[in-house]
Amino acid sequence: MEAKAAAKALADLGKLGKDLAFDTALLTSLPAALSKEPAARGNFDQLVITQIESELQKHVAAVTGILEAGAPEREVRAAKVTAAKSVADVAAVRETACKDALKDAQAAQKEAEKTQTAAIKAVKLFGSEMKQVATDLQEAKDSLQEFQSGPMAAFQ
């Protein structure tokens, strides 16, 4: 199993070397140099390993420099993210309040529609009720007139 892990690590290192544009001669010599025990490595093997280490350190330093140079911008972006999260939180609270207000408004609308329906019925009935009231009023006026011209006139 250790041989498989070593072979995979060597393949990964070779791929990384290609991605980082290492010298092809170094990459070709690397498997042979790393397959030997450290005590059995010759000067050329040591040179290959040293060159690979040097190249890796250069790239690590370059990436570290990029990361360090980007730190201020990263902090600015982090502050923007924090501010955006705060705005999103406020918006979520407002959305909830608006949804609640909408539910209340819809309930009020339903109640108003019921009231409107009752009012429309009342208006429809109002005409016939008014006719009856007008008829009753006329009958009362006629009775009053009859009373005033009849029995009341006799007492005056």
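Nothing in this text is a laboratory measurement; each read-out follows from the coordinates by a stated rule. This one's a predicted model, so the numbers in the text were calculated from it and none came from an experiment. Cβ sites come from the backbone with ideal geometry, for glycine too, and all protein chains shown count toward neighbours.
Annotation: average projected area of the chain is 25.1 square nanometres, based on the convex hull of Cα atoms across all directions.
Per-residue packing, averaged as other Cβ atoms within 10 Å, sorts the ranges 143-152, 15-24 into the order 15-24, 143-152, beginning with the highest. Using Cα positions and a limit of under 21 Å, work out the lysines in reach of LYS8, with same-chain residues fewer than 8 apart set aside. Partners found: LYS18, LYS36. With helices as the sole contributors, the chain gives -32000 deg cm²/dmol at 222 nm; each DSSP H run of n ≥ 4 counts as -39500 (n - 2.57), and the sum is divided by every residue.
As a ratio to 2.2 N^0.38 Å, the alpha-carbon radius of gyration computed for the stretch 75-152 takes the value 2.80.
As a calculated quantity, the FRET efficiency between LYS36 and GLU73 at R0 = 41 Å, using C-beta atoms, amounts to about 0.35. Would you compute the Debye intensity of the stretch 2-69 from its alpha-carbon atoms alone, equal scatterers and no solvent, and pass along log10 I(q)/I(0) at q = 0.15, 0.25 Å⁻¹ to two decimals? Relative scattering, expressed as log10 I(q)/I(0), comes to -0.53, -1.13.
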